[in-house]
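Peer 1: Below you will find the structure I want to go over with you.
The values are calculated or read from the model by the stated rules, or taken from the named source; none is laboratory data. Given the structure is predicted, the values throughout are model-derived calculations rather than measurements. Here Cβ is always computed from backbone atoms with ideal geometry, including for glycine, and neighbour counts include all displayed protein chains. When the accessible area is computed, the model is the full protein with side chains, heavy atoms only, and any ligands, DNA or RNA have been set aside. Shrake-Rupley method; radii C 1.70, N 1.55, O 1.52, S 1.80 Å.
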Amino acid sequence: MINFESLVELIYRAATDPDLWPLAMHELAATAEADGGIILTRRSDAWVGWRHSPAMVGVDDYLRSPAGARSQAPVRLLAADHAGFLDAETVFTPEEWLADPVMTHWGTPNGLRHAAATAMPMPTGDFVVVHISRRVGQPAFAAADIARLDAFRPHLARAGFLAARWRLERLRVATEALSLIGLPAAALDSRGRALAANSLIEKMTPHVKWLPDDRVALADSAANGMLRRALADVSSLAATTARSFPARGRDGDAAVVHLIPMAGESRDLFDGGCALLVVAPVALRHAPDAAVIRGLFDLTAAEACVASGIVSGLSLEQIARRQGTTPATVRSQLKSVFAKTGVGRQSSLVALLASQLKPPYQRKE
């Protein structure tokens, strides 16, 4: 028998220690004689973070798949606007439930049949959803089961609120810490909405545009396109590598933009699709040297020397002689430079740097 007070305490502890959510979901499911549970956050039309009990096999792959976005379960749950748990067949017919992607792509293949869920709005604009499942052969959730789950709902809602506030505070501290070393920074979600920002980035109006709904854009249209593409990837658990690229302000001054994903196995319920944006001004008086180019595109030292040589108008053979290597090695390094800068020709590489950095520089004849 699950002790009510102990489970409530566990739920509140999970608000600041996300690694406790799987146990909390397991014990919550046990109170309703169910097999397992999941706690998720939903933003707009996408799941951005979740934790689940061990019995919920395959749910990670399902939630990351296109099928997870097609399910009508969250839509109908939110439309019901019910301050409590609902059995799935309250908002679906039995036929609709079995035909929904949540069942065809996850539930049925894993031997699950019945579900009860609740949605709780958070002050961040997100929703926290708790989903409890029973296996094939078990009965649907009865009124008494729903009542037992509802007894924990206020505590789940408050824990979700605390987790959201805790997360916002951590993001604020991260951006303020960067301001102490002179770096303008903001924490962005996958839509480009600023969740926290320091005063330095708020003053960078030549480089940064503030849009409605606290969304952030870059004044440089090419750099803004790269930012949007990078933000689209930050929801992935595999997104752990920072992206760096140059940007030019309205006044022509150059900056290096870094987007650092805040994702990984240790992320909490709300950290999915979150990244730190750092905009570091660059003061250039001459053509950029290898160190500057390396910083702009996360190149290795050898790759930066190749890029610097190309920009200076040297041939691959001349670069090879300067570096004491072979033209074949330089060609291999140049391919890596192309991959990291997103261009495919030497002329495009020169044009990219010339268009981004001030003052303009020319190739040597």
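Peer 1: Can you tell me how many residues in the stretch 199-210 are open to solvent by 50 Å² or more (accessible area, probe 1.4 Å) and out of contact with any strand residue (DSSP E or B) (no Cβ under 6 Å at 6 or more places or on another chain)?
Peer 2: 6
Peer 1: When you scan the stretch 178-189, do you find a residue that is free of Cβ contacts under 8 Å to residues at least 24 places away in the same chain, closer than 29 Å to Arg228 by Cβ and surrounded by 15 or more Cβ atoms within 10 Å (Cβ to Cβ), even just one?
Peer 2: Taking every residue of the stretch 178-189 in turn, at least one turns out to be free of Cβ contacts under 8 Å to residues at least 24 places away in the same chain, closer than 29 Å to Arg228 by Cβ and surrounded by 15 or more Cβ atoms within 10 Å (Cβ to Cβ).
Peer 1: Could you check the stretch 1-83 for helices (runs of 4 or more DSSP H) lying wholly inside it with 2 or more residues that are of a type in the set (A, V, I, L, M), modelled with pLDDT under 95 and surrounded by fewer than 15 Cβ atoms within 10 Å (Cβ to Cβ)?
Peer 2: On the way: elements: 4-14, 21-31, 59-64, 66-70, 73-80.
Filter on the stretch 1-83 gives 73-80.
Peer 1: Another one. I need the full set of residues from the stretch 223-264 which are more than 30 Å from Arg64 (Cβ to Cβ) and either modelled with pLDDT of 80 or more or not aliphatic (A, V, I, L, M) (or both), in order please. First the steps, then the outcome.
Peer 2: As a first pass, look at the stretch 223-264 and keep what is more than 30 Å from Arg64 (Cβ to Cβ): 246-256.
Passing the criteria: Pro246, Ala247, Arg248, Gly249, Arg250, Asp251, Gly252, Asp253, Ala255, Val256.
Peer 1: Quick one: Ile146 ticks every box in (1) in contact with a helix residue (DSSP H, G or I) (Cβ under 7 Å, 6 or more places away or on another chain); (2) touching a residue at least 60 places away in the same chain (Cβ under 8 Å) except a single one, so which number is it?
Peer 2: Of the numbered conditions (1) in contact with a helix residue (DSSP H, G or I) (Cβ under 7 Å, 6 or more places away or on another chain); (2) touching a residue at least 60 places away in the same chain (Cβ under 8 Å), the odd one out for Ile146 is (1).
Peer 1: Between Ala117, Ala163, Ala144, Ala217, which is open to solvent by 20 Å² or more (accessible area, probe 1.4 Å), of a type outside the set (D, E, K, R) and not in a loop (DSSP other than H, G, I, E, B)? Outline the logic, then answer.
Peer 2: Numbers: Ala117 fails: open to solvent by 20 Å² or more (accessible area, probe 1.4 Å); Ala163 fails: open to solvent by 20 Å² or more (accessible area, probe 1.4 Å); Ala217 fails: open to solvent by 20 Å² or more (accessible area, probe 1.4 Å).
That would be Ala144, the only listed residue that is open to solvent by 20 Å² or more (accessible area, probe 1.4 Å), of a type outside the set (D, E, K, R) and not in a loop (DSSP other than H, G, I, E, B).
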